[in-house]
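Report on one structure; see the data block that follows.
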Amino acid sequence: MSNKNVKKAKRGLLGWIFYFAGEKKGQYIVSVFFALFSVACCIAPYFMIAQIVRQLMNGVRDWKLFLIECGITALFWLGNVLFHAISTSMSHIATFNLLGNIRKKMCDKLTRVPLGTVLDMPSGSLKSIIIERIDSMETTLAHIVPEYTSNILLSVVLIVYLFVLDWRLALACLAVLPVGFIAMCFMFKDGPARFKYALDKTKALNDTAVEYINGIEVIKAFGKSKSSYERFVVAAKEGSDCYVEWMRDCIWPHAVATIVTPSLIFSLLPIGGFMFLNGAIDASMFISVIILALSAVQPFLIAFTYHDDIAKAGAIFGEVGSIMDLPELDRPAVDAKKPKDNSIVLRNVKFSYHKEIENEEKKEILHGINMSLPQGSYTAFVGPSGSGKSTIARLIASLWDVDSGSIEIGGVNIKDLSLQEYNSRVAYVSQDNFLFDMSVRENIRLGRQNASDAEVEEVAKKSGCYDFIMSLENGFETVVGGSGAHLSGGERQRIAIARAMMKGAPIVILDEATAYTDPENEAIIQKSVAQLVKGKTLVVIAHRLSTVSDADKIYVIKDGAIDSEGTHEELLSQNGLYKNMWEAHISSKDGE
């Protein structure tokens, strides 16, 4: 898949709305027209009342005419209710579709960015954006497009009409607006910065809450409940204080703005009264302008109530945009050419973590790795903790992109292969395996969606986990819980291995995949995996050297570079790091 990121040119709120609305954007446009009709029907009675008042002052006493005009006024009221209902129904449908599109596009985006970029993001922040923040925009987006735009437009139309009737009275109406405008300026001062600060504090609260919940077992085990809870209390207080302080600073400007701005008649009455007494205007004109001035305020006030929501939605779309702008793995949509086999070659591979974080010094993890893994070979990576062996495996699995150098499959650079083609060739199992909150059967079937129940059970037998699955309460139909919480670490790993084997990929990478299993089960898994990977290109990262002593080649990784390579016997004869690790491993086994 080619790197088609959302352009980083800044979008306005409406730009984001129509970008994510998809095929439903037409409903937003139609809802605006119905909202215009609704607001027009809401304002029209003021015109009717002004007309009735003028008729009465001009001596008209036709009660039948008045009844007709009152009936028309009632119809306008019904039209307001009807058109408003249609407008909001259409905008809500479009909004729910839009929110769904945002979530789908964000989740799809996260599958295309390097794994390291995703891992650098706190899960609490991601969850907050994808769930709570996006959901909080529902009311705003469902009303802002039809109601905000229509109310602003009609308010402008009414003010223009006042100028048509009498420009002097129109200016008299607007005389109080500068006071309200100045108050609004004070109210909105530093608004974007304040809101961003509030969002940051809310993110910190989410992250602290997630960390506290995930670490509750460790917290209780080490008696750190008080200190850990204090961190959450501090985060919660800071999360609330930022809003309280913001509202406290805005309360007086808000009071002035909401009292003065709607009060157009405060300046209209004395100025208009003076003009009437001096014969500059007649009574009917004066009363008509008063009524229309009152009607001009209503749509403006409705639009004004959306200002905070608009700012909030804009900030949330900014967060969404920052995720949508993340660089993706550089992969084509269509394969440039097909690999000739399933061999793996690394040529002068260099890699640094956190390469997307601005102003952070890069720390190179891998320093020019060169290795060749023939098709059908069994290759092991060993080395001290933090040496970079798992990083190499993840680069081969295309979970990151190399900084420089290349990784080739069958003579083809993996950057020239589509993600779909590459994923079909590689099965990757790490020591931290994730199971979904569904049955054991469905978790294994994720390896190949169209696998039959019999095929799932067969691969479980070959993977050495059939017996323990059948010992569960509901066998293969047992629900494993969130992240596989109902199973032990070893059981989760064995199901993850069965899932990877179900995929049937010609390249299998096991990244310390038996780390959580006991020695007895490890031997069973090793024997099962050996049968399942016959003819496949196997890469194993191991911390127990005895499990990979029969590998075709062992690479010893130290400080991001290859320290030595060879078979088990060859490495022992070199009297190097591998021999020291082996002797330490044997002595620890003897001491068990």
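The values are calculated or read from the model by the stated rules, or taken from the named source; none is laboratory data. Just so it is clear, the structure is predicted and the values come from calculations on it, not from any experiment. Cβ: placed from backbone, ideal geometry, glycine included. Neighbour counts: every protein chain shown. For accessibility, only protein heavy atoms count, side chains too; no ligands or nucleic acids. Shrake-Rupley method; radii C 1.70, N 1.55, O 1.52, S 1.80 Å.
Data table
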{"item": "Leu153 accessible area, assembled protein chains, probe 1.4 Å, Å²", "result": "90 Å²"}
{"item": "Mean separation of Cα contacts under 8 Å (6+ apart) over length of the chain, as relative contact order %", "result": "15 percent"}
{"item": "Helix axis angle, 577-590 relative to the chain longest principal axis, alpha carbon, degrees", "result": "80 degrees"}
{"item": "Restraint check, Lys105/Lys196; Lys127/Lys201; Lys127/Lys196; Lys109/Lys462; Lys105/Lys237; Lys105/Lys127, Cα-Cα greater than 25 Å", "result": "Lys109/Lys462; Lys105/Lys237"}
{"item": "Cβ-Cβ FRET estimate between Phe33 and Lys363, R0 fixed at 45 Å, reported to 0.05", "result": "0.20"}
{"item": "Three-way shape label, the stretch 362-406, alpha-carbon gyration tensor, a/c 1.5", "result": "oblate"}
{"item": "With at most 13 neighbouring Cβ atoms within 10 Å, loop chymotrypsin sites (Phe, Trp or Tyr not before Pro) (DSSP) excluded, longest segment of the chain", "result": "1-221"}
{"item": "Accessible area in the full protein assembly, largest first, 1.4 Å probe, for Ser471, Ser136", "result": "Ser471, Ser136"}
{"item": "Per-peptide average of other Cβ atoms within 10 Å, ordering 49-59, 367-377 highest first", "result": "367-377, 49-59"}
{"item": "Accessible surface of Ile131 - all protein chains present, 1.4 Å probe, nearest 10 Å²", "result": "80 Å²"}
{"item": "Accessible surface of the chain, 1.4 Å probe, proportion on carbon and sulfur as whole %", "result": "60 percent"}
{"item": "Principal-axis tilt of helix 177-188 within the chain, Cα atoms, nearest 10 degrees", "result": "20 degrees"}
{"item": "On Cα atoms only, tilt of 265-277 relative to the major axis of the chain in degrees", "result": "20 degrees"}
{"item": "Spin-label pair Ala85/Asn450, simplified geometry with 7 Å Cα→Cβ offset, distance in nm", "result": "4.9 nm"}
{"item": "Simple label model, 7 Å out from Cα along Cβ direction - Ser406 to Glu473, nm", "result": "5.4 nm"}
{"item": "Residue pairs, from the table Lys104/Lys503; Lys340/Lys536; Lys340/Lys415; Lys350/Lys553; Lys350/Lys534, whose Cα atoms sit over 20 Å apart", "result": "Lys104/Lys503; Lys350/Lys553; Lys350/Lys534"}
{"item": "Of (1) 1.09; (2) 1.39; (3) 1.15, the label for Cα Rg over 2.2 N^0.38 Å derived from the coordinates", "result": "(2)"}
{"item": "Prolate/oblate/rounded call for the stretch 384-432, Cα gyration tensor, a/c under 1.5 rounded", "result": "oblate"}
{"item": "Global geometry of the stretch 532-592, whether rounded, prolate or oblate, following the gyration tensor of its Cα atoms and the 1.5 cut on a/c", "result": "oblate"}
{"item": "Estimated distance in nm for a label pair at Lys350 and Met48, the labels positioned 7 Å out from Cα along Cα-to-Cβ", "result": "7.8 nm"}
{"item": "Modelled FRET efficiency - R0 51 Å, Asp120 with Ala530, Cβ distances, 0.05 increments", "result": "0.90"}
